[in-house]
Amino acid sequence: MYPNLDSLVQEGYIEKSALDKRTNQYKLTDEGTISCYASSTGDSRNS
């Protein structure tokens with residue numbers, strides 16, 4: 001799971017930040033939101 005999350009971070013779809021010493025949190029970026037929307041609607045112009 002973590003290598004996949006790291007790939008999404010590198011591609012700019014999510015942001016990673018430290019919640020505490022052992023836990024990271026992830027947040028969807030604007031680019032990630034657009035890509036998810038385009039994927040769910042079948043709109044390939046924004047993906």
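Every read-out reported here was derived from the displayed coordinates using simple, explicitly stated rules and does not represent laboratory data. Remember, it's a predicted structure, so these values are computed and weren't measured experimentally. FYI the Cβ positions are ideal-geometry reconstructions off the backbone, even for glycines, and counts take in every protein chain you see.
Points to keep in mind about this one:
- Scanning the chain for residues that are in contact with a helix residue (DSSP H, G or I) (Cβ under 6 Å, 6 or more places away or on another chain) and free of Cβ contacts under 8 Å to residues at least 12 places away in the same chain yields Lys16, Ala38.
- For the chain, the candidate set comprises residues that are assigned to a strand (DSSP E or B) and surrounded by 12 or more Cβ atoms within 10 Å (Cβ to Cβ); within that set, the residue that is nearest to the chain's Cα centre (by Cα) is Ile14.
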